[in-house]
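Okay, structure first, notes after.
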Amino acid sequence: MECTSLKMPVKVNPYQHQQDAYDFACGLFGLTKAEITSTGCGLLMEMGCGKSLVGLAVMGTLAQSGRIHRALIVCPLSVMGVWKEEMEKYAAYSYSMTLLTGTMAKKREQLANLPEAELQIAVCNYESMWRMEQELADFHAGLIIADEGHRLKDGTSRQSRAMHRLGD
C-alpha cells in the first residue's frame with residue numbers, strides 16, 4: 001500500500017510506531033494517498049504506546065486541513081484532566097479545550113459557550129455523554145475520540161447506543 005507521510009503536528013519527535021499509526025489514520029481519512037479510505041479509525045495499540053499522541057496529531061491535521069472545526073473526546077472521568085495535560089504538552093496547533101464538568105446544567109452551559117477557536121474541543125465523560133446526547137449531536141463534532149473504547153463493548157448499554165448515534 002502506498003502512503004505518504006505527513007509531519008505530525010506535535011511538539012516531540014514521535015516513535016516510528018506512532019508515525020506509522022498516524023500515517024495509517026491520515027490515509028484512511030483521505031489526508032494522504034492510500035488504497036483504503038474510511039470515516040473512522042481505531043488505534044489498537046498497547047497501553048502506554050502513545051494512542052493519545054497519535055489521536056491528538058490526527059485531530060490537529062484534520063483541523064489544519066479545514067476538515068474539522070470541532071472535536072469531541074469521550075473518556076472516563078478519571079482521565080479528562082490527562083487529555084488537557086497531553087494537549088498542552090504536545091499539541092503544536094491552535095485549539096481551545098473545554099472539560100465539561102459539574103452539574104448537567106453547567107456542562108450544557110459550557111458546551112453552548114465554548115471559546116472561539118480554529119478548533120473547539122469538548123471533553124466529556126461516558127456517564128454524561130449519553131445524558132447530553134442531543135446537545136452533543138447539536139455540537140456537530142467533526143471527529144469523536146472514544147478513549148478507553150472498551151467501555152462501549154456492550155452494544156446494548158445507553159452509552160454505547162448514544163455513542164453510535166453520535167458517530168452516525
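Observations on the structure shown:
- Sum of -39500 (n - 2.57) over DSSP H runs of 4+, divided by residues of the chain (222 nm, nearest 500): -12000 deg cm²/dmol
- Qualifying GluC sites (Glu not before Pro) in region 27-86, DSSP loop, other Cβ atoms within 10 Å at most 15: Glu35, Glu46
- Rounded if a/c under 1.5, otherwise prolate or oblate - region 41-135, Cα gyration tensor axes: oblate
- Taking the chain as a Gaussian network of alpha-carbon nodes connected by springs under 10 Å, the highest mean-square fluctuation of the residues Ala57, Ala91, Ala34 belongs to Ala34.
- Folded to 0 to 90 degrees: helix 51-64 orientation relative to the chain principal axis, Cα: 90 degrees
- Here the relative contact order of the chain, from alpha carbon pairs under 8 Å that lie six or more residues apart, stands at 22 percent.
- Accessible surface ranking for Phe24, Phe29, Phe139, 1.4 angstrom probe, highest first: Phe24, Phe29, Phe139.
- The GNM of the chain, with springs linking C-alpha atoms under 10 angstrom apart, assigns the highest mean-square fluctuation among Gly60, Gly102, Gly81 to Gly102.
- Applying 1/(1 + (r/R0)^6) with R0 = 45 Å to the Cβ-Cβ distance of Val12 and Gln110 gives a FRET efficiency near 0.95.
- Annotation: extensible slack from Asp138 through Ser160 equals 6.1 nm (criterion: 0.36 nm per residue apart, minus Cα-Cα distance).
- Given a 1.4 Å probe and the protein chains as shown, His69 ends up with an accessible area of around 110 Å².
- Amide H contacts of Val10 (H built 1.01 Å from N, under 5 Å, at least 5 apart or other chain): Ala92
- A crude spin-label estimate for the pair Lys33 and Val82, with each label 7 Å from Cα along the Cβ direction, gives 3.9 nm.
- Of the residues Lys7, Lys107, Lys89, the one with the largest accessible area comes first in the ranking Lys7, Lys89, Lys107, computed with a 1.4 Å probe on protein heavy atoms.
- Accessible heavy-atom area order of Met8, Met47, highest first, probe of 1.4 Å: Met47, Met8
- Nonpolar atom fraction for region 42-168, defined as the carbon and sulfur part of the 1.4 Å probe accessible area, stands at 50 percent.
- Solvent-accessible area per residue for the chain (1.4 angstrom probe, square angstrom): 55 Å²
- Links that overshoot a 20 Å alpha carbon limit, given the list Lys11/Lys84; Lys33/Lys84; Lys7/Lys51; Lys51/Lys106; Lys11/Lys107; Lys51/Lys107: Lys33/Lys84; Lys51/Lys106; Lys11/Lys107; Lys51/Lys107
- Over all projection directions, the Cα-based convex hull of the chain averages an area of 9.5 nm².
- In order along region 72-83, the phi-based Karplus estimate (6.51 cos²θ - 1.76 cosθ + 1.60, θ = phi - 60°) of 3J(HN,Hα) comes to 10, 10, 10, 8, x, 3, 5, 10, 4, x, 5, 4 Hz; Gly and Pro are listed as x.
- Semi-axes of the equivalent ellipsoid for region 1-78, Cα gyration tensor, largest first, Å: 19, 16, 13
The values are calculated or read from the model by the stated rules, or taken from the named source; none is laboratory data. Remember, predicted model here, so these are calculated numbers, not experimental data. All Cβ positions, even for glycine, are placed from backbone atoms using ideal geometry, and neighbour counts span all protein chains on display. When the accessible area is computed, the model is the full protein with side chains, heavy atoms only, and any ligands, DNA or RNA have been set aside. Shrake-Rupley method; radii C 1.70, N 1.55, O 1.52, S 1.80 Å.
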